[in-house]
Amino acid sequence: MVVSPAYLQPLISDHRGNMIVGVTILMLLLAFVTMSALKLRAQQGGSWHVRCSLAQTGYWLRQLGRIDGMKCRDPRSGDVRDLLEETPSGFGQLTAVRHVATMSETPPRWTRPSVPLGTHPPAWPN
């Protein structure tokens with residue numbers, strides 16, 4: 001598989017989120033090769049072994065290099081305000097990125113807020 005670094009440049013230009021980006025790209029690659037293996041199994045039969053490595057994915061991303069002129073500025077709070085949600089927590093008001101999925105019948109949500117350690121006894125919730 002050949003990937004142009006132009007497509008990945010905005011993803012790897014975020015110096016703070018390299019680990020998250022590496023894991024995200026690894027998961028996308030893993031999904032791609034898994035689907036490819038399932039296609040091969042359907043066409044040719046047999047079994048296919050898929051292996052992915054986070055370290056090798058990071059190394060591969062670094063080897064792609066950078067493209068001049070593809071700089072991304074850090075977003076301002078006004079740029080992402082519609083993507084955030086505020087919820088009460090044990091630490092006060094918590095601002096977080098809203099879940100990407102939107103479903104009418106079962107909207108994604110947290111049923112229990114974030115709380116400091118020791119707030120609840122160490123037991124499974126009912």
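Laboratory data are not the source of any read-out in this text; all were calculated from the coordinates shown. Values in this document were obtained by computation on a predicted structure and should not be read as measured data.
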Starting from the amide H of Arg98, placed 1.01 Å from N in the peptide plane, find each other amide H under 5 Å away whose residue is 5 or more places distant or on another chain.
Leu84, Glu85
Hey, what did the range 75-114 get for relative contact order, percent, Cα under 8 Å, at least 6 apart?
33
Derived scalar couplings ³J(HN,Hα) [the range 54-64; Karplus, 6.51 cos²θ - 1.76 cosθ + 1.60; whole Hz; x for Gly, Pro]:
4, 5, 5, 5, x, 4, 4, 4, 5, 6, 5
May I ask you to evaluate 6.51 cos²θ - 1.76 cosθ + 1.60, the Karplus curve with θ = phi - 60°, for each residue of the range 40-50 and list the ³J(HN,Hα) values in order in whole Hz, giving x for glycine and proline?
4, 4, 5, 7, 10, x, x, 10, 10, 9, 10
Amide H neighbours of Ser114 under 5 Å, counting only residues 5+ apart in sequence or on other chains, H built in-plane at 1.01 Å?
Gly90
Please work out whether the range 46-126 counts as rounded, prolate or oblate from its C-alpha gyration tensor, where a ≥ b ≥ c are the square roots of the eigenvalues and a/c under 1.5 means rounded, while otherwise a/b larger than b/c means prolate and anything else oblate?
oblate
Roughly speaking, what is the stretch gain from Arg109 to Leu83, that is 0.36 nm per residue apart minus the C-alpha to C-alpha distance, in nm to one decimal?
7.9 nm
Alpha carbon centre of the range 35-82 versus the range 94-123: separation in Å?
28
Which of rounded, prolate or oblate describes the range 75-114 when judged by the alpha-carbon gyration tensor and an a/c cut-off of 1.5?
oblate
